[in-house]
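Visitor: Can you read through this structure? Questions will come right after.
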Amino acid sequence: MSGPGKTTRVGAVKQITSHSNPIVKEIKGLIAQRKHRTQAGLFVAEGLKLATDALEAGWDIRYLAIGPDARDNPIAQQAAASAKARGALILEVNTAILSAMTRKDNPQMVVGVYEQRTQSLASIRPEEATTWVALDRVRDPGNLGTIIRTADAVGASGVILVGDCTDPFAVETVRATMGSLFHVPLVKTTREAFLDFAAKWPGSVVGTHLEGSVDYRKAEYGEPVLLLMGNEQQGLDAPMTSACNTLIRIPQVGQADSLNLAVATGITLYEIRRPYLEL
Ligand SMILES: C[S@@+](CC[C@H](N)C(=O)[O-])C[C@H]1O[C@@H](n2cnc3c(N)ncnc32)[C@H](O)[C@@H]1O
């Protein structure tokens, strides 16, 4: 870990009024650049709902910046007490500082800084899994966030990011997950390691493909399912396609070339997870 917060691991409260405070600069850097997030192993999630989700799910929190509106809000006060008890530094800031940190005219009343958490491919236990979703070079933060949220909604085991993917800890991705980031296990891996892993997968390896020969509603989804979704521009590449036992297609009748990646993932996951989804 690096950065000005390194020496402030004991829970405390600090008032910040200066825009040039190093912690304000650190948070701005975490929001602005992947490089800073990766170096520090930290990320930013805006808003009280995400703070509550993160704290309830036991994620490690470094800072919780709270604006004037949060001071009379019992849920925000509870979040601050819980964050402080876990060693976070509570930053009492004014709206101008919250705005500057987040580069927003109407910032959320709280902004949290958390430690990144991913797990290794080796930690996946196929025998305990039902459905893992693997994304081949996903590029769009909104798509990734929506897929993580959908994986959470259907009770999937987790999401694997294969190759050069967009940052799951970018503020746009985190926002699009609507808190599901804190509940869905995430794995980052290379294509080579993933292909090796997929070759040993004991269940079905299902790829979604525009040239797929099987209607997604008629496919056999033998558990555990490893579902592969392609890149937004290029789809699944040849080695990833070859790793699949089955290539499924979602029928289309209009002029659209393909479905949006997150929509295709949602449609497919709801079919695969149908036995688990009852009102
Ligand atoms: C925007 S599409 C990629 C389009 C890309 N031009 C191609 O040729 O594959 C992104 C991903 O969504 C999934 N997808 C989109 N529409 C689909 C469909 N009708 N059937 C199956 N998968 C689909 C596939 O995983 C695809 O790789």
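Visitor: Can you tell me the mean projection area, over all orientations, of the convex hull of region 93-219's alpha carbons? Units nm², please.
Guide: With the hull built on Cα positions only, its mean projection is 9.8 nm².
Visitor: Measuring from centroid to centroid over Cα atoms, what is the spacing of region 195-218 and region 25-74 in Å?
Guide: 37 Å
Visitor: Let me ask something else. Please report the antiparallel percentage of DSSP beta bridges with both residues in the chain, rounded to the nearest 5.
Guide: The antiparallel proportion sits near 25 percent.
Visitor: May I pose another question? Sticking with the crude label model, points 7 Å out along Cα→Cβ, report the distance from Leu195 to Ser99 in nm, one decimal please.
Guide: 5.2 nm
Visitor: Over region 128-279, what is the percentage of antiparallel beta bridges among all DSSP beta bridges, to the nearest 5?
Guide: Close to 5 percent.
Visitor: Let me ask something else about it. Sort out for me the Cα centre separation of region 79-116 from region 225-279, rounded to whole Å.
Guide: 38 Å
Visitor: Which Cα, out of Gly179, Asn260, Pro239, lies furthest along the positive dipole direction of the chain (beta carbon charges, K/R +1, D/E -1)?
Guide: Ranked along the dipole, the leading option is Gly179.
Visitor: Just need the relative contact order of the chain here, percent rounded to a whole number, with Cα pairs under 8 Å and 6+ apart.
Guide: 18 percent
Visitor: Along the positive direction of the dipole of region 4-115 (beta-carbon charges: Lys, Arg +1; Asp, Glu -1; about the Cα centre), which of Ile66, Met101, Ala81 reaches farthest?
Guide: Looking along the dipole axis, the top candidate is Met101.
Visitor: Still on this structure, I have one more. Listing Arg103, Arg273, Arg117 from the residue with the fewest other Cβ atoms within 10 Å to the one with the most, what is the order?
Guide: Starting with the residue having the fewest Cβ neighbours, the order is Arg103, Arg117, Arg273.
Visitor: Normalised by the residues of region 121-276, what does the relative contact order come to in percent, with Cα pairs under 8 Å and at least six apart?
Guide: With pairs under 8 Å counted, the relative contact order is 28 percent.
Visitor: Taking every pair of distinct Cα atoms and averaging 1/r, then inverting, what Kirkwood hydrodynamic radius in Å comes out for region 186-279?
Guide: That comes to 14.0 Å for region 186-279.
Visitor: Per Stokes-Einstein, at 20 °C and 1.002 mPa s, what whole-number D in µm² s⁻¹ belongs to the chain, with the Kirkwood radius over Cα pairs as the hydrodynamic radius?
Guide: 107 µm²/s
Visitor: Same structure again: So what's the angle, to the nearest 10 degrees on a 0 to 90 scale, between helix 74-85 and the longest Cα principal axis of the chain?
Guide: 90 degrees
Visitor: Given H placed on each backbone N at 1.01 Å, which residues far from Leu42 in sequence or on other chains put an amide H within less than 5 Å of it?
Guide: Close amide H contacts, sequence-distant or interchain: Gln116.
Visitor: Past the 26 Å Cα-Cα mark, which pairs from Lys35/Lys188; Lys25/Lys188; Lys14/Lys188; Lys84/Lys188?
Guide: Exceeds cut-off: Lys25/Lys188; Lys14/Lys188; Lys84/Lys188.
Here, each number is a calculation from the coordinates, and none is a lab measurement. Keep in mind the model is a prediction, meaning the values are calculated, not measured. All Cβ positions, even for glycine, are placed from backbone atoms using ideal geometry, and neighbour counts span all protein chains on display.
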